[in-house]
1. What ranking do B:I44, A:I94 get, fewest neighbouring Cβ atoms within 10 angstrom at the top?
2. Two decimals is fine: what's Rg over Rh for the protein assembly as shown, C-alpha atoms, Kirkwood radius as Rh?
3. Taking Cα atoms, how many degrees apart are the long axis of helix A:91-101 and the longest axis of chain A, rounded to 10 and kept between 0 and 90?
4. Per residue of the protein assembly as shown, what 222 nm ellipticity follows from adding -39500 (n - 2.57) for every DSSP H run with n ≥ 4, rounded to the nearest 500?
5. Rounded if a/c is under 1.5, else prolate if a/b beats b/c, else oblate: with a ≥ b ≥ c from the C-alpha gyration tensor eigenvalues square-rooted, which is region A:104-202?
6. Tilt of helix A:172-185 relative to the longest C-alpha principal axis of chain A, in degrees (0 to 90, nearest 10)?
7. Give the shape of region A:133-189 as rounded, prolate or oblate, defined through the alpha-carbon gyration tensor: a ≥ b ≥ c are the square roots of its eigenvalues, a/c under 1.5 means rounded, and otherwise the shape is prolate if a/b is larger than b/c and oblate if not.
8. How high is the FRET efficiency between A:A16 and B:R57 when r is their beta carbon distance and R₀ equals 41 Å, given to the nearest 0.05?
Amino acid sequence: MIHLYAFAHGLRSLPAERGVGGELLDREDLGGVDAVVGELHEAVAADAESAVAHGRVVEALVPCADAVLPVRFGRPFASREALREAAAPQLAGIRERLLRVRGCVEVAVRFAEDGREPLRRDDGASYLRELARRNAAAEAIHAALEERAVAGRLEHTGRLFRAAYLVRRPEVEAFARHVDRVAETHGDAALVCTGPWAPYSFAEERA
Amino acid sequence: MSRVLTSHGDLDALSEPMRAFPSRVSADPETVERGLAQLVLTLIELLRQLMERQALRRMDEGSLSDDEVERLGLTFMKLADRMDELKEHFELRDEDLNLNLGPLGDLL
């Protein structure tokens, strides 16, 4: 069985990191794109431990290649041929996305615009207006951060806003300083910025 | 694997429990009720978010009267309260109310 970790372009070497089953990593040339795989003798459990091992491999790959497209932890392929067959119809899209993330990493920013303050609940109108104000403030933070990134994505999760930015590798520290400046102009916002990560948020096709 | 580059403010406000892996509806008879509740609440949350965005957009455009803003606000407030109660009852978190749609990304 073949476990797929990521697609890569400009893969200079394979990391020493072991895979989900303790296996050595290998590459499968798909024609200008490398699939980074591990050969397993039996299926591994779909548990947190395996997911973390999968994630470690992906993160270890980032400095080894010009571009890395992480693949979600999933069921293994029966063989290398099955992997090639499954990847063939998607290769054009994979190449395009590899080009988009080339030389970049993901920086994640999570923020709550008003810290832990609950929404005002005096009446229906103030609730809705407060909701609109918070969303607008989050959009403003996101827009300010996105200015210094190659691309950005914002998603709401209840009262939290989670954003991901594609940032050129040499510019990660400058981006973090920009996050500091933006955070200072939104004094009430609780914010945490982490990275650099493999570009998970930019790995899949989105509408 | 956390690599914090910078942080500001009350970080407890940003804490989220670790996401269970994998996220799926369990067929175990003892937990099937929770799994189904998760699926149903995910769809309700999708509709709630769509309606909320629509209401905010219409409010922004000025196409809602004061009475309508008040009524819609109250409706969303009560719906949010009810959702919180149901999430607590079924021990679900905000991030549990989502579905991965493969190449289309997440539902919410």
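1. B:I44, A:I94
2. 1.00
3. So the helix axis and the longest Cα principal axis differ by about 50 degrees.
4. -13500 deg cm²/dmol
5. Prolate shape, in that a/c is at least 1.5 and a/b is the bigger ratio.
6. Roughly 20 degrees, rounded to the nearest 10.
7. The shape class here is oblate.
8. The calculated FRET efficiency here is 0.20.
Bear in mind these aren't lab numbers, they're just calculated from the coordinates by the rules spelled out. All figures in this text were calculated on a predicted structure; none of them were measured in a lab. Cβ coordinates were reconstructed from backbone atoms using ideal geometry, including for glycine residues, and neighbour counts include every protein chain displayed.
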